[in-house]
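The values are calculated or read from the model by the stated rules, or taken from the named source; none is laboratory data. Worth saying up front: this structure is predicted, and the values here are computed from it rather than measured. Cβ placement follows ideal geometry from the backbone for every residue including glycine, while neighbour counts extend to all protein chains displayed.
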Amino acid sequence: MSQVPDDLRYSKDHEWVRDNGDGTVTVGITDHAQAALGDLVFVEVPETGRQIAAGDACAVVESVKAASDVYSPLAGEVTAINEALGDAPESINDDPYGEGWIYQMRPSDPGAVAALMDAAAYRALIESE
Amino acid sequence: MGSQTPLFAEHLALGARIVPFAGWDMPLHYGSQLAEHLAVRAGAGMFDVSHMLPVDLAGTSVLPFLRRLLANDAARLKDPGKALYGCLLNPEGGVIDDLILYYLGPERYRAVVNAATAEKDLAWMRGQAAGAELEIRPRRDLAMIAVQGPEARAKTAPLLPAALRDRAPALAPFFAAEGGDWLVARTGYTGEDGFEVLCPGAEAPGLWRGLLAAGVSPCGLGARDTLRLEAGMNLYGQDMDESTSPLAAGLGWTIAWEPTERDFIGRAGLEAERQAGGLPDFVGLVLTGRGVLRPHQRVFADGREVGEVTSGGFAPSLDRSIALARVAPGTGPECAVEIRGKAVPARVVKPPFVRQGEPLIVLD
C-alpha cells in the first residue's frame, strides 16, 4: 500500500504539497505515482523565478518506461528547485516525500493550499483507480 | 483481462506489476527494472517469455517451404540443433515478423515467433503452405523461460531433465538440444550468454521455482527491453514492421542473397530496393546531452531533419540514454535529437552498446 502522509495536501494528478509555514510550499510526486512510473532516470525541473499557473506542466519525470509531466497544483512563483535530482533522480523512488521533493513555490493565493485534497480524500482517490 | 502464461501465479506471488502486452497479462517488473537489468549483466536473470509462440513445422516439403518463406536460408542449418535468426517478408520485402528457427532433425523444424504477430504469422504460413506436404503445428502447450547472464547456464543445467543435463552445458552458441517436449537453446535477447528453455506448461513452475532457489532474479518485460536495446537487437513493431524492409532496419545480414536462384518471398522487392539505392542508415545513438531518447523523436544534423528514433530509452549499464534510429545515409558522427522542443546533442555509433557485461561505447 502506498504511503499517504497525513500532514500533506494532494492533487488529482498525484502531486503532494507541503505548507512550509513561511508563505512557500514544497511540491513533489506521491509514493503512488513513483511506484506507477517505475525507476526514475531523469528529472527536468522548472526554473527558479518562473511564474506558473495551476495545472501547468512545470516539470518532467522520466522513468525507464516513459516521460510524465508534473502539473503544478497551485499558481505562483517558483522559489527553489531540487538540484540534487540531476544526479540522483532515484531519490523520488526512494524517498518521494523527503529527498525526492521537486520544487518550492510561493503560491499567489495562500488560501489555495487548503482547497487541495487532504490525505483521506487522496487515499480514496487512489483506491478508486 | 488477457491470456495468462503457466507462470502467472508465480509472477503474482513475487509481487510483479502486471501489464497488458499483446493480449497477455505479463510482468513488467518485480520491484525495480533497473535492478533486474543489472542482475542479468552481473549474474543471472530469468524471463517468462511463454507469450511467444513456438510453431513446429514438419514434413517432406518443409525445407523447400522454409527456403521460400524466410529471407534467411534454412538450408544453412546442416547440424541438428542449429538455430538461425531471420525475417518473414511480404512480397514487397516488408517484415511480417522476425523469428528464430531451430533445426530439430530431418524434416523437423521449430520457429519461435513474437506474441503480437503470432496469429498473423500462422495464417501467413498456412496460406503459403497450401498444397505442400507439411504440418504446421502451433505449440501453445509449451512454456518458455529465458535464463540470461554470465551465471545463467551453470544455474540452469542442474534443473533440466536427466536427458538434457549433460548435453546442455556442451551446447555451442546458437545451438539447441531436444529431450522429449523439452528444448534447451543457447540463445537469447539480452547480449549475455544463457539459455532459452521450452518445456510443457505444467512443468514450467517447477523450473521457475528451482531457478529462483538457485538465486536467479525474476525479470520483467521492462528489463527485457532495456537489455535488448543495449545489445543492439531490434524489436518487431518498433524498429521494423510490414512497411520496413530488413535493409532499412539493420538486418541486411539476415538476408541470404546466395544462392541467387533461391526465390524467397520478398526477394524481388529487396532487389529493387537495393538497386534504387539511397537506403537509410540504421544506427545507434548515444545521447551526450541530458534527457532520455524515446521512439519517434526526430533526429537532426546540420540543421535539417534526417530521421527518427525507432527504439530509445535509458541504458542502465551505461548510465545514459541510447537509441536505435533510422537516419539519412552518412549521418554523423554528431547529430541532435528533438526532446520536448529542444535539440539535445547525440552521437551516432555502431550498435551493440553492451555485450557480455562490457560497455562497447566509449565517449571521450
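Among the residues making up the stretch B:142-161, a single one is assigned to a helix (DSSP H, G or I), buried (at least 24 other Cβ atoms within 10 Å of the Cβ) and of a type outside the set (A, V, I, L, M, F, W, C): B:Thr156. Against the list (1) buried (at least 22 other Cβ atoms within 10 Å of the Cβ); (2) under 22 Å from the mean Cα position of the chain (by Cα); (3) away from chain A (no Cβ under 14 Å), the condition B:Glu308 fails is (1).
Among the residues examined, B:Arg67 qualifies as away from chain A (no Cβ under 14 Å) and either surrounded by fewer than 19 Cβ atoms within 10 Å (Cβ to Cβ) or part of a strand (DSSP E or B) (or both).
Residues B:Glu230, B:Glu133, B:Glu178: which one is among the acidic types (Asp, Glu), surrounded by 15 or more Cβ atoms within 10 Å (Cβ to Cβ) and within 22 Å of B:Leu101 (Cα to Cα)?
Working: B:Glu230 fails: within 22 Å of B:Leu101 (Cα to Cα); B:Glu133 fails: surrounded by 15 or more Cβ atoms within 10 Å (Cβ to Cβ).
Of B:Glu230, B:Glu133, B:Glu178, the one residue that is among the acidic types (Asp, Glu), surrounded by 15 or more Cβ atoms within 10 Å (Cβ to Cβ) and within 22 Å of B:Leu101 (Cα to Cα) is B:Glu178.
Name the residue, out of A:Gly86, A:Gly23, that is in contact (Cβ under 8 Å) with a residue 60 or more places away in the chain, out of contact with any Asp or Glu (no Cβ under 6 Å at 6 or more places or on another chain) and loosely packed, with under 14 Cβ neighbours inside 10 Å. It would help to see each step written out before you state the result.
Details: A:Gly86 fails: in contact (Cβ under 8 Å) with a residue 60 or more places away in the chain.
After applying the criteria, what remains is A:Gly23.
Given the criteria in the same structural domain as B:Lys342 (by TED's automatic domain parsing) and more than 15 Å from B:Phe353 (Cβ to Cβ), does B:Gly312 qualify? Considered against the rule, which asks whether it is in the same structural domain as B:Lys342 (by TED's automatic domain parsing) and more than 15 Å from B:Phe353 (Cβ to Cβ), B:Gly312 comes out as no. A Cβ distance below 8 Å, combined with a sequence gap of six or more or placement on separate chains, defines the contacts here; from the stretch A:29-52, residues that are touching a residue at least 24 places away in the same chain (Cβ under 8 Å) and more than 12 Å from chain B (Cβ to nearest Cβ) reach residues that are crowded, with 21+ Cβ neighbours inside 10 Å and among the acidic types (Asp, Glu) in the pairs A:Ile29/A:Glu15; A:Thr30/A:Glu15; A:Ala33/A:Glu15.
Can you pull out the residues in the stretch B:162-189 that are of a type in the set (Gly, Ala, Ser), in a strand (DSSP E or B) and under 19 Å from the mean Cα position of the chain (by Cα)? Within the stretch B:162-189, B:Ala176, B:Ala185 qualify. When residues in the stretch B:14-29 are screened for being in contact (Cβ under 8 Å) with a residue 60 or more places away in the chain, within 14 Å of chain A (Cβ to nearest Cβ) and out of contact with any helix residue (DSSP H, G or I) (no Cβ under 7 Å at 6 or more places or on another chain), 3 of them pass.
Within the stretch B:234-243, not a single residue is of a type outside the set (Ser, Thr, Tyr), surrounded by fewer than 18 Cβ atoms within 10 Å (Cβ to Cβ) and closer than 19 Å to B:Ala328 by Cβ. Only one of the numbered conditions (1) surrounded by fewer than 16 Cβ atoms within 10 Å (Cβ to Cβ); (2) without any contact (Cβ under 8 Å) to a residue 24 or more places away in the chain is not met by B:Gln4, and that is (1).
Looking across the stretch B:25-51, the residues that are assigned to a strand (DSSP E or B), of a type in the set (A, V, I, L, M, F, W, C) and over 22 Å from B:Ala213 (Cβ atoms) come down to B:Met26, B:Leu28. The set of residues in the stretch B:315-341 being β-branched (Val, Ile, Thr) and either out of contact with any helix residue (DSSP H, G or I) (no Cβ under 9 Å at 6 or more places or on another chain) or not assigned by TED's automatic domain parsing to the domain that holds B:Leu363 (or both) consists of B:Val327, B:Thr331, B:Val337, B:Ile339.
Strands (runs of 3 or more DSSP E) fully within the stretch A:10-124 that include at least 3 residues being at pLDDT 95 or above and farther than 30 Å from B:Glu230 by Cβ: A:15-19, A:25-29, A:76-81, A:103-107.
Suppose the filter is within 11 Å of another protein chain (Cβ to nearest Cβ), in contact with a Gly (Cβ under 8 Å, 6 or more places away or on another chain) and surrounded by 20 or more Cβ atoms within 10 Å (Cβ to Cβ); does A:Ser63 pass it? So A:Ser63 passes the test.
Can you confirm whether B:Asp98 is under 19 Å from the mean Cα position of the chain (by Cα) and part of a helix (DSSP H, G or I)? Here the answer is no, as B:Asp98 does not meet what is asked.
Applying the condition of being small (Gly, Ala, Ser) and either modelled with pLDDT under 95 or in contact with a Lys or Arg (Cβ under 7 Å, 6 or more places away or on another chain) (or both) to the stretch B:39-68 and asking which residue is farthest from B:Gln4 (Cα to Cα) yields B:Ala58. B:His11 satisfies every condition listed in (1) touching a Ser or Thr at 6+ places or on another chain (Cβ under 6 Å); (2) in a helix (DSSP H, G or I) except (1).
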